[in-house]
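Novice: This is the structure I have questions about; it appears just below.
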Amino acid sequence: MSGIDGSVVLLGQGNANDGRFGVRASRLAELVNFGIPVPATIALSIEAVRMIASGHAPDTEKILDPFGPETLVSVRSSPGGIDWGGAPTFHAVGLNCAIHEELCNAHDPEAASKLYFDFIKSYAVRVARLDPEEFEALTASCPDVFGRLARAKSLYAKCTGESFPQDMGVQLTHVLRSMVRAWEGPTAHLLRSAHGAPENAGLGLLVQKTVVATKSGEGDNGFGAVSGADPESGSRGLFGNFCPGCISVARVEMPESSIKKLSPRSSSDLEKHLDLLRRRKQDELEIDFAVANGKVWVLDARPIDCSVQAAIQIAVDLAESGLISKESSLGRLEPDSIARILHPQVDRSRAYNVIATGISASPGAASGAVAFSSQAAAEYAARNESCILVRIETGPEDIKGMHFASGVLTGRGGITSHAAVVARGLGVPCVAGASDIQFDARMQALISPGGKIFREGDSISIDGTRGEVLEGAVPLEKPGLSDAFRIFLDWADESRDMEVRANADTPDEVQVANSFKADGIGLCRTEHMFFDEARLTVMREMIFADSDSERRATLKQLLPMQRSDFIELFLNMQGRPVCIRLFDPPLHEFLPRERDEIKELADALDLPDSRIIARMDELREFNPMLGMRGVRLGITVPEIYEMQARAIFEALVEARRRGHPGTPEIMIPLVSANREVELVKSSVDAVAHTVRKETGETFDYKIGVIVETPRAAIRAGDLAANSSFLSFGTNDLTQMTYGISRDDSQRFMATYVARGVYPEDPFATLDKEGVGELLLLAAKRGREANPDLVLSICGEHGGDAATIEFCRKAGFNYVSCSPFRVPIARLAAAQSAIRNRSDFRR
């Protein structure tokens, strides 16, 4: 930069990266340094703008001196941060009656008059703060542009008591003040604070010569925006729009024609500029440009606002061309952004009506008919029709319906609710906790806050990425995984030093986990295998058994079903690790809720209704999630775990005979005391001995604990004595540490975060100060007792980038997450490893 003084400078040679003039000034100064033609531009420093804000008059004579007389300028914001916003560009400052007359002579008079009218309207609304509707009314009521211009001048004079200013210095002074005023407004403060801007965020301003084409010149004339890569796909080429024949960039809202309308010379110049920027900036940029009499001028440059698919393609292309390293390419995407290309998304180019909002529980979007039950969802699926399963909240009995549905909507629940966890595992979009919409069970209807009623069969859409419920069926964009996506994640695997496993319970989930190259199964929740209709009946028979012998006889019917599940699981994983959690939920979850369901069960078991109701009363608990479940059930009803252990070992033997050896990991849930581990381990070891004797086969297995209670974390040293691994179930561990129901937290969590009680939702990202301390304590004590202890995390936090960073630094061996979050976790683990490497080369 060459200086007029220290705070008002003419962009030129020199250092432009000291931050005093904002990010846009730095970018434009770089363009000048690269030899790219940029119109003369004056930069006002952040300090100079603060002086204007405090009441000092800008020295417009000094600012305008480099431009010469009768030159129009544009005033642009140059905030201190790239995402901090700023007022829109103010075009054609300096336009007055004399220059308007010259433009009419040198150009199309109608276009010149339209330009002058637009400037007066912008000045009136943004500077003089006049009613915008009055000027909009002129456009509608006066199609003749010359008459419209005359009326705009009269309206301005009538509303302000003075003629429209003709002096360029006066205009510029007030425009600069209006730009500063907009920056200081409360709305602007809120918007930039949402993007992480500090309270004292600074704004620089740019005053740039407006490129004006002449009617008599030769070559292209017009304005446009162009990038060197397709914003949707990332493929290279010229992509953008060009508005030919415009007098000024202020007219870019004119109907756009293809960039291909440019002459070969102008296209070639743009390609050269973009290629130079690609090499020097190591990125694909988008530029605003003007062409005057065939000469291309670059007005601004910025990173392309592109899709995730395009960002991945661009990152891979830059690395393969040697401009950046593979490691640098991996750092160009936020891990969570990958979710957008794994699922269908709402087409944001179309209009739609949001009828309710909730928690973004599982990403993606879906449209379909409202279905209020699993049975209804199954009927829609049988007719090959899509549906949205709508429930107040889901339970295990709804899993079948969730398999049939295209999406799930619940009135209660949060990010780790049953609906959210299962939907993420299935890859089904879900909006949970939509509390502003009324669920009328009696009428079987949804009632929006506006009073609109949706009955079964009516069409709705859900956007699980944004947590929105939309009226009707909206257009969706299909996901597509490109070759660049696979290359990108392969590079991530080369860099990461931590395993990523998947939480998977069904063959479909295992298939998804394999397609995303999970390193194994970190959590297989066996109870989800019991909710198939045929198995559910047998499970209920077991619950109603009168004796241990009757219970064991009933469980023998479930044994071949479980064995078949595990055989398929072991074969699909082909020797990779599989961690199987023994039965966890309370038994009441397998019993019916509705009166007609109780009647059906009584008929199926040939029992009186009263017996069903009595047994349900016996199993009812005040707080079932802290009652007879997990290891407590396994100890008091040991035959359940014995059946599961036999199914695991018999399946292992069969898988080994088919050429797929493995070492299953058996996980004990809800442990709080070492004696619980001893009892279950003794029982499992006895079953293993029996199966070895019966089959004549030898095999290995591991037994470990899922740490879900604070006491288990504190006593990890004791547990490690009888465990090969500790896997932290952070959903329940967070719930128990905070004393907050993970299903009900959404009722107040947003308020708590907004008011600074918690920095973030602890169910969305790991609470490092509280729950994280328990993890660190358990890891330390566990490995002191057992140096070979394997540590992992298998709660929903396993797919969160910040949590992965925490676990990696704590020395955990792997994280496990829902199958569709495996790519996210692979990238996050790679980024964590790269950040901590001393030889990292950008």
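Novice: With an 8 Å cut-off on Cα pairs and a minimum separation of 6 or more residues, tell me the relative contact order of the chain in percent. Could you put the intermediate results ahead of the total?
Specialist: Details: 1718 pairs, mean separation 80.8, N = 842.
Contact order relative to length: 10 percent.
Novice: Give the percent of DSSP beta bridges with both residues in the range 339-448 that are antiparallel, rounded to the nearest 5.
Specialist: Expressed as a percentage, antiparallel bridges in the range 339-448 total about 40.
Novice: How much accessible area does LYS400 have with a 1.4 Å probe, in Å² rounded to the nearest 10?
Specialist: LYS400 has an accessible surface of roughly 60 Å² with all protein chains in place.
Novice: For the range 341-393 and the range 507-540, what is the centre-to-centre distance using only Cα atoms, to the nearest Å?
Specialist: Answer, in whole Å: 23.
Novice: Could you check the spin-label model distance between ASP548 and GLU760? Points 7 Å from the Cα along Cα→Cβ, value in nm.
Specialist: Here the answer is 4.9 nm between the modelled labels.
Novice: Relative to the longest principal Cα axis of the chain, at what angle does helix 168-184 sit, 0 to 90 degrees, rounded to 10?
Specialist: Relative to the chain, helix 168-184 is tipped by roughly 10 degrees.
Novice: If DNA, RNA and ligands are ignored and the probe is 1.4 Å, what is the ranking of HIS403, HIS660 by accessible area, most exposed first? Could the numbers behind the result be given before it?
Specialist: Working: HIS403 85, HIS660 55 Å².
Highest to lowest solvent-accessible surface, that is HIS403, HIS660.
Novice: Starting at the first residue of the range 744-758, write each ³J(HN,Hα) from the Karplus equation 6.51 cos²θ - 1.76 cosθ + 1.60 with θ = phi - 60°, in whole Hz, x for Gly and Pro.
Specialist: Residue by residue, the range 744-758 yields 10, 5, 5, 5, 9, 4, 4, 5, 4, 5, 4, 9, x, 5, 10 Hz.
Novice: Right, here's the next one. Within 10 Å of each candidate Cβ there may be at most 14 other Cβ atoms; applying that plus a DSSP loop requirement, which trypsin sites (Lys or Arg not before Pro) in the range 645-741 survive? List each step's numbers first, then the result.
Specialist: Numbers: sites: ARG646, ARG656, ARG657, ARG658, ARG675, LYS681, ARG692, LYS693, LYS702, ARG711, ARG715; in loops: ARG658, ARG715.
Passing both the DSSP loop test and the Cβ count: ARG658.
Novice: Related question: Got the relative contact order for the range 702-812 handy, in percent, Cα pairs under 8 Å and 6 or more residues apart?
Specialist: Numbers: 155 pairs, mean separation 39.4, N = 111.
Relative contact order comes out at 36 percent.
Novice: Let me ask another. Please report, in cubic angstrom per residue, the volume enclosed by the convex hull of the alpha-carbon atoms of the range 660-724.
Specialist: Numbers: hull volume 5.1 nm³, N = 65.
Output value, Cα hull per residue: 78 Å³.
Novice: So, taking all protein chains as they sit and a 1.4 Å probe, how much accessible area belongs to HIS343, in Å² rounded to tens?
Specialist: Counting only protein heavy atoms, HIS343 exposes about 10 Å² to solvent.
Novice: Leaving out ligands and nucleic acids, note down the accessible area per residue over the chain with a 1.4 angstrom probe, in whole Å². Before the final figure, lay out each step's value.
Specialist: Values: 35190 Å² over 842 residues.
Value returned for the chain: 42 Å² of accessible area per residue.
Novice: How big is the range 666-792 on each of its three principal axes, counting only the C-alpha atoms and giving the largest first in Å?
Specialist: That works out to 63, 30, 21 Å along the principal axes.
Novice: Right, something else. Would you kindly work out the equivalent ellipsoid of the range 611-745 from its C-alpha gyration tensor and give its semi-axes, the square roots of five times the eigenvalues, largest first in whole Å? Can you show the working numbers first?
Specialist: On the way: eigenvalues 179, 80, 36 Å².
With the √(5λ) rule applied to the range 611-745, the semi-axes are 30, 20, 13 Å.
Novice: Beta carbons within 10 angstrom, averaged per residue: use that to sort the peptides 717-725, 554-562, highest first.
Specialist: My ranking of the peptides, most packed first, is 717-725, 554-562.
Novice: In the chain, what is the volume of the convex hull around the alpha carbon atoms, normalised per residue and reported in Å³?
Specialist: Each residue corresponds to 193 Å³ of Cα convex hull volume.
Novice: Something else: Given 10 °C and 1.306 mPa s, compute D for the range 52-94 with the Stokes-Einstein relation, Rh being the Kirkwood radius over Cα pairs; round to the nearest whole µm²/s. Before the final figure, lay out the partial values.
Specialist: Details: Rh = 12.4 Å.
The estimated diffusion coefficient comes to 128 µm²/s.
Novice: In the range 12-89, what GluC sites (Glu not before Pro) fall in a loop by DSSP, with at most 16 other Cβ atoms inside 10 Å? Let's see the in-between values first.
Specialist: On the way: sites: GLU30, GLU47, GLU61, GLU70; in loops: GLU70.
Answer in residue order: GLU70.
Novice: What's the long-distance tail for the range 586-674, i.e. % of Cα pairs beyond 14 Å? Present the calculation step by step, with values, prior to reporting the outcome.
Specialist: Values: 2899 of 3916 pairs.
Taking all Cα-Cα pairs of the range 586-674, the fraction more than 14 Å apart is 74 percent.
Novice: Rounded if a/c is under 1.5, else prolate if a/b is larger than b/c, else oblate: which is the range 15-165, with a ≥ b ≥ c the root eigenvalues of its Cα gyration tensor?
Specialist: Numbers: a/c = 2.15, a/b = 1.67, b/c = 1.29.
Cα axes put the range 15-165 in the prolate bin.
Novice: Sort out for me the Cα centre separation of the range 753-819 from the range 124-158, rounded to whole Å.
Specialist: The two parts, judged by their Cα centres, are 61 Å apart.
Novice: Describe numerically, in nm with one decimal, the distance between label points set 7 Å from Cα along Cα→Cβ at GLN511 and at ASP336.
Specialist: Between GLN511 and ASP336, the label points sit 3.1 nm apart.
Novice: On to the next question. For the chain, what does -39500 (n - 2.57) per DSSP helix run (n ≥ 4), summed and divided by total residues, give at 222 nm, in deg cm²/dmol to the nearest 500? Please list the in-between numbers first.
Specialist: Numbers: 32 runs with 355 residues, N = 842.
It comes out at -13000 deg cm²/dmol, rounded to the nearest 500.
Novice: Per residue, how much space in cubic angstrom lies within the convex hull of the C-alpha atoms of the range 760-821?
Specialist: Numbers: hull volume 4.6 nm³, N = 62.
Given the Cα convex hull of the range 760-821, per-residue volume reads 74 Å³.
Novice: Over the range 525-624, calculate the relative contact order: mean separation of alpha carbon pairs under 8 Å at least 6 apart, over the residue count, as a percent. All intermediate terms of the calculation are to be shown ahead of the outcome.
Specialist: On the way: 61 pairs, mean separation 30.8, N = 100.
Relative CO of the range 525-624 lands at 31 percent.
Novice: Another question, then. Towards the positive end of the charge dipole of the range 661-750, with charges on Cβ (+1 Lys, Arg; -1 Asp, Glu), say which of ASN722, VAL687, SER745 has the farthest Cα.
Specialist: Result: SER745.
Novice: Taking a quarter of the surface of the Cα convex hull of the range 262-421, what do you get in nm²? Intermediate results must be reported in sequence, preceding the final value.
Specialist: Numbers: hull surface 57.2 nm².
Approximately 14.3 nm², given one-decimal rounding.
Novice: Might you report the magnitude of the Cβ-based charge dipole of the chain about its Cα centre, with Lys and Arg at +1 and Asp and Glu at -1, to the nearest 20 debye? Present the calculation step by step, with values, prior to reporting the outcome.
Specialist: Details: 93 positive and 115 negative charges, 286 e Å.
For the chain, the charge dipole is close to 1380 debye.
Novice: I want the local charge near PHE454. Using Cβ-Cβ distances under 13 Å, sum +1 for each Lys or Arg and -1 for each Asp or Glu among the other residues. Before the final figure, lay out each step's value.
Specialist: On the way: positive: LYS452, ARG455; negative: ASP440, GLU456, ASP458, GLU471.
That works out to -2.
Novice: While we're looking at this one, here's another question. Quick one: accessible surface of TYR380, probe radius 1.4 Å, all protein chains present, in square angstrom to the nearest 10.
Specialist: Surface accessible to solvent at TYR380 totals approximately 30 Å².
Novice: May I pose another question? So in the chain, what percent of DSSP beta bridges are antiparallel if you round to the nearest 5? Kindly include the intermediate steps, with their values, before the conclusion.
Specialist: Values: 64 of 98 bridges.
Here the share of antiparallel DSSP bridges comes out near 65 percent.
The values are calculated or read from the model by the stated rules, or taken from the named source; none is laboratory data. Note that the coordinates shown come from a computational prediction; the quantities given were computed from them, not determined experimentally. Here Cβ is always computed from backbone atoms with ideal geometry, including for glycine, and neighbour counts include all displayed protein chains. Note: areas computed on protein heavy atoms with side chains; ligands, DNA, RNA excluded. Shrake-Rupley method; radii C 1.70, N 1.55, O 1.52, S 1.80 Å.
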